[in-house]
Amino acid sequence: SIRLDRPYYNYGPLMAERQNRKKDKDNLSEAERIFRSHQLFKELATVLGALGNLALTEGDLAKALKLYHQSLSSMKSLNDPIGIANAHYQIGNCLFEQRRYRTAAAHLDTCLTTAEEKNITEILVEAYFMLSALKEATNQPVEALYYYKRHIAIQQQIFTAEKEKVIKEVEEKYENEKNRQAIAVAKRDMAVRNSIILAMGLGLMAAYWL
């Protein structure tokens, strides 16, 4: 329900957000139905995780946790390390919100182990941050600082990799443009030379027949 102490000008964005959330839920529920009927288990596991995220956003932690466990079970049956690590992270995050810190830590540790083994940096950066928050919540400042430093290090690593990727793309685009320009200039020069040769040939023919 809408809180009555919210300023009236927040009602529009709030209702728009709820309508978008309902649309997302309807779309995901339909996708779940289709994937189940066609036995597309990897896609189904991904959708279950997304539905769990939606339930978490709505504050229904019990439903979110149930959906995350279903997603984890599917990912395990598929032997998908990225999916397994992500599902453990989602469960750990949900348990953290419920303040079930010990069980949350177990899932986050499993997530971290899998992500480190496979070097899944996108999950590592989130897992380190969540473990830092968990250690802080359980009054373990040394461990909290350790995981936060690891989070920052991985975040910087991802940023550097993305920056290098962008630079490479720009350089390739520049080189391709230079090559296109060089080809265009070469074609133009060839056309000019052909025109000169043709003109000279016509001049010679005209001189011959005079």
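Tabulated values for the structure
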item: Highest-first arrangement of 107-115, 142-150, where packing means the average Cβ count within 10 Å; result: 107-115, 142-150
item: Global geometry of region 75-152, whether rounded, prolate or oblate, following the gyration tensor of its Cα atoms and the 1.5 cut on a/c; result: oblate
item: Cα-based shape type of region 26-142, given that a ≥ b ≥ c are square roots of the gyration tensor eigenvalues and the cut on a/c is 1.5; result: oblate
item: Protein accessible area in region 53-110, 1.4 Å probe - carbon and sulfur %; result: 48 percent
item: Proximal lysines relative to K149, as straight alpha-carbon distance under 27 Å, when same-chain residues fewer than 8 apart are discounted; result: K118, K135, K163, K165
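The values are calculated or read from the model by the stated rules, or taken from the named source; none is laboratory data. No experiment lies behind these values; they were computed from the predicted model shown. Cβ atoms come from the backbone with ideal geometry, glycine included; neighbour counts cover every protein chain shown. We work out accessible area using only protein heavy atoms, side chains counted, and drop any ligands, DNA or RNA first. Shrake-Rupley method; radii C 1.70, N 1.55, O 1.52, S 1.80 Å.
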